[in-house]
Amino acid sequence: MKQIDLIVIGAGASGYAAAITAAKMGLRVRLIDGSAKTARKVAASGNGRCNLSNLDVTPSRYSTSNPERLAEILALGQGKVADFFADLGVLTVADEAGRLYPWSNRSASVVDALVLSAQALGVEQTTAQVTGILPQGEGYLVQTDVGAFFAPQVIVAVGSPASPSVGGRDNPWVEALGLATIPYRPALVALTVDKRYFSLKGCRAKAQATLSDGGKSVRKEEGEVLFGEGTLSGILSMQLSLDLPKCAHPTVELDLLPTLSEEDVKQALIARREGQKAEKLFVGLLDKPLAYCLLKEAGVSLDEISVSDAKLAQVAHRAKHW
């Protein structure tokens, strides 16, 4: 067995980046992962599109109790992230919010680039479950279910237990090393909603969402919201979920037409109502199931014709405060 200079544990985004960078520096690298199908979280990220970075990577965009450490991390700079992937053959493009995606708009392109680059650089990939790491001489002995591997240096890039369906798992041996760890908590996850909204599965809208705790506003986000079967997802919802554990009595309010005032919405509906059934009022504005649900909650029947001003005012209010 040839001598290895570095073992990287975990073949996700960070593990591959570390292995590739080290191999480019001339180190002989072994990459160990518990699954033969690597980088599964990369493949699942961004709803299959893979959000690589952001053009506006600034400290104010982060929630942290350690701003000094954050500044050290961000010193890398967004440009170097784009350069790293460009070197792998992955061209990138930014959306209107500055989020950086592969030009192909498919995460599979990123996974392929990482895997092929590692192979081309001679990175030895081993499929094995790590069970422990022991100091030995001038290095470390990495114990696995298929044998032990030695290297002078080891990088642990195992990630968190999040999303076990795509490789997330607990790694109790990490704590046994005596390394400082931060307790895991749910973050950047979908929000669960009441059963009466299950029929909205598949709907999406550009909205503003406000997370409140006992009536006090905690956080506001604007962007696309996606309705699932019992869930509210999309980047907007995931951003709100970061502050959800802090709330004793959380509520989320949606403004489904954030670029219009409540009066503007009312007047737009008045202009559309003459001789029209209520079900036609939001054509071109909201997904049909979403519009129907909104009208129902405002007390308006779908086949009601020429809805009154008073009822349209209720509908407009509901659209802005749902």
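A short reminder: the numbers here are calculations on the coordinates, not readings from a lab. The model shown is predicted, which means the values in this text are computed figures rather than measured ones. All Cβ positions, glycine included, derive from the backbone under ideal geometry; neighbour counts span all protein chains shown.
Taking the longest Cα principal axis of the chain as reference, the axis of helix 107-120 is set at about 10 degrees.
Distance from the Cα centre of the range 185-260 to that of the range 136-160, in angstrom? Using only Cα atoms, the two centres lie 42 Å from each other. Peptides 187-196, 55-64, 251-260 ranked from most to least packed by the mean count of surrounding Cβ atoms within 10 Å: 251-260, 187-196, 55-64.
Tell me the Kirkwood hydrodynamic radius of the range 262-320 in angstroms, computed as one over the mean inverse distance between distinct C-alpha pairs. Walk me through the intermediate numbers first.
Numbers: mean 1/r = 0.0919 Å⁻¹.
One decimal place: 10.9 Å for the Kirkwood radius.
Listed by chain and number, the aspartates and glutamates placed with their C-alpha closer than 19 angstrom to that of K24 are D5, D83, D87, D112, E124; residues fewer than eight positions away on the same chain are left out.
When the alpha carbon coordinates of the range 191-255 are projected onto the principal axes, the ranges are 29, 23, 18 Å, largest first. Would you kindly derive the ³J(HN,Hα) couplings of the range 241-246 from the backbone phi angles with the Karplus curve 6.51 cos²θ - 1.76 cosθ + 1.60 (θ = phi - 60°), listing them in order in whole Hz, with x for Gly and Pro? Whole-Hz 3J(HN,Hα) from phi for the range 241-246: 4, 4, 9, 4, x, 7.
Could you size up the charge dipole of the chain around its Cα centre, putting +1 on the beta carbon of Lys and Arg and -1 on that of Asp and Glu, and report it in debye to the nearest 20?
440 debye
Close amide-amide hydrogen proximity is noted between L55 and R99, L100, each under 5 Å apart and 5 or more residues distant or on a separate chain (H modeled in the peptide plane; Pro and chain starts excluded). Taking R0 as 30 Å, what's the FRET efficiency between D56 and R169 from their Cβ-Cβ distance, rounded to 0.05? Computed FRET efficiency for D56 and R169 comes out at 0.35. With a threshold of 20 Å on the Cα-Cα distance, the over-threshold entries among K220/K311; K220/K320; K41/K80 are K220/K311; K41/K80.
When you have a sec, figure out the Kirkwood radius of the range 6-176 from all distinct Cα pair distances and drop it here in Å to one decimal?
With all distinct Cα pairs of the range 6-176 included, I get 17.1 Å.
Taking a point 7 Å out from the Cα of I305 in the direction of its Cβ, the residues of the range 263-287 whose backbone N falls within less than 20 Å of it are 269-283. Counting only DSSP H runs of at least 4 residues, each contributing -39500 (n - 2.57), and dividing by the residue count of the chain, the helix-based mean residue ellipticity at 222 nm comes to -9000 deg cm²/dmol.
Residue separation of R106 and T210 scaled by 0.36 nm, minus their Cα-Cα distance, works out to 34.4 nm of gained length. Strictly greater than 21 Å: what percent of every Cα pair in the range 89-233 meets that? More than 21 Å apart: 68 percent of the Cα pairs in the range 89-233. Debye-formula intensities of the range 1-86, expressed as log10 I(q)/I(0) at q = 0.13, 0.14, 0.24 Å⁻¹, are -0.58, -0.66, -1.23 (one equal scatterer per alpha-carbon, no solvent). Per the Cα gyration tensor, the chain maps to an equivalent ellipsoid with semi-axes of 49, 20, 17 Å, ordered largest to smallest. The label point for A176 and the one for Q153, both projected 7 Å from the Cα toward the Cβ, are 2.5 nm apart. Positive contributions from Lys and Arg (+1) and negative ones from Asp and Glu (-1), summed over other residues with Cβ under 9 Å from the Cβ of L240, come out at 0. Taking a sphere under 14 Å around the Cβ of V81 and counting the other residues whose Cβ falls inside, with K and R at +1 and D and E at -1, yields a net charge of -1.
A crude spin-label estimate for the pair T64 and S261, with each label 7 Å from Cα along the Cβ direction, gives 4.1 nm.
Each residue, Q136 and E96, gets one label point 7 Å from its Cα in the Cβ direction; the gap between the two is 5.7 nm. Estimated translational diffusion coefficient (Stokes-Einstein, Kirkwood radius over Cα pairs, 25 °C, 0.890 mPa s) of the range 223-322: 168 µm² per second.
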